[in-house]
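Note sheet for the following structure.
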Amino acid sequence: GALVYQYPRRTICKSGTSMRMECQAVGFQATSVAWYRQSPQKTFELIALSTVNSAIKYEQNFTQEKFPISHPNLSFSSMTVLNAYLEDRGLYLCGARLGLGTYEQYFGPGTRLTVL
Amino acid sequence: GDSVTQTEGQVALSEEDFLTIHCNYSASGYPTLFWYVQYPGEGPQLLFRASRDKEKGSSRGFEATYDKGTTSFHLRKASVQESDSAVYYCALSDPGANTGKLTFGHGTILRVHP
């Protein structure tokens, strides 16, 4: 089946520092990877969508300068949260889509970011 | 833009009760609809999806029917178990846009008491 791993599962960083998180698709090739942030209130915010052979598209309120994403191949993506502050805390989820003709996304367990 | 509304923020039931979680959507085009379930400490898991009017999705005793007329995709289960306690999300993806973006509802917390 389709599995998505995320690393680390939890991380704590000091305010103003940066941290990098990874997303790995196992058993399939992800033609697109979406990064979301889930707030403590459980709502989802789409940060950016990275599709093979296309530029990474960031949603309003999220920028490449703050959340740079690397998507070097069809099974791996990483995102960095630069200069993290309290409002950046939450669960960062990676959703991978199998093919351009499919629409469901398979999610990893998330990386929980705590900012001190 | 696209949106998904889940009426119930929280639902508390006893085991073997009937479950309904209401989901209504607003989208241009003909969206694909999903139900996801999220257990504590995990990411959302796909329960099932439906892509066309009157199509029924189902999994693990849960089901929902795509209703284009009422723009709804209500989740139902005839007899819930304590292990069903989780957060349930209705979501849509607009294939016309083919962006791969999912729009989620705010989620419904289901608590099932033994």
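Worth a mention:
- Mean Cα-pair separation over length for chain A, i.e. relative contact order, pairs under 8 Å, 6 or more apart, %: 39
- Per-residue 3J(HN,Hα) values for the stretch A:49-66, derived from phi via the Karplus relation 6.51 cos²θ - 1.76 cosθ + 1.60 with θ = phi - 60°, read 10, 10, 10, 4, 6, 9, 5, 6, 10, 9, 7, 4, 6, 10, 10, 5, 5, 9 Hz in sequence order (x marks Gly and Pro).
- Residue with peak Gaussian network fluctuation, chain B [Cα springs, cutoff 10 Å], from B:28, B:85, B:58: B:28
- Residue A:17 long-range amide H proximity, modeled H, under 5 Å: A:84
- Inter-chain Cβ neighbour count for A:37-46, averaged per residue, equals 4 (cutoff 10 Å, partner chain atoms only).
- Inter-part distance where the stretch A:47-91 and the stretch B:45-94 are each reduced to a Cα centre, Å: 30
- About its Cα centre, chain B has a charge dipole of approximately 340 debye under the convention of +1 per Lys or Arg Cβ and -1 per Asp or Glu Cβ, with nothing else charged.
- Positive-end extreme of charge dipole, chain A - chosen from A:17, A:55, A:27 (charges on Cβ): A:17
- Histogram of C-alpha separations across chain B, 5 Å bin width, %: 2, 13, 24, 25, 18, 10, 5, 2, 0
- Against the empirical curve 2.2 N^0.38 Å, the C-alpha radius of gyration of the protein assembly as shown lands at a ratio of 1.01.
- In plain terms, the chain from residue A:13 to residue A:70 could stretch by 18.4 nm, reckoned as 0.36 nm per residue minus the Cα-Cα distance.
- Only Lys, Arg, Asp and Glu carry charge here, each on its Cβ (+1 for the first two, -1 for the last two); on that basis the protein assembly as shown has a dipole of about 480 debye about its Cα centre.
- Between B:81, B:13, B:30, the Cα set farthest toward the positive side of the dipole of chain B (charges on each charged residue's Cβ, about the Cα centre) is that of B:30.
- Whether the stretch A:1-69 is rounded, prolate or oblate, judged on the alpha carbon gyration tensor where a/c under 1.5 counts as rounded: oblate
- Cα gyration tensor, chain A - rounded (a/c under 1.5), prolate or oblate: prolate
- Summary value for chain B: 37 percent relative contact order, contacts being C-alpha pairs under 8 angstrom separated by 6+ residues.
- Computed on the stretch B:1-44, the Cα convex hull volume stands at 120 Å³ per residue.
- Qualifying GluC sites (Glu not before Pro) in the stretch B:13-75, where qualification requires a DSSP coil assignment and no more than 12 other C-beta atoms within 10 Å, comprise B:16.
None of the figures in this text is laboratory data; all of them are computed from the coordinates on show. Small disclaimer: the values here were computed from a predicted structure and weren't measured. A quick note on method: Cβ atoms are made from the backbone with ideal geometry, for glycine too, and the neighbour counts reach across all protein chains shown.
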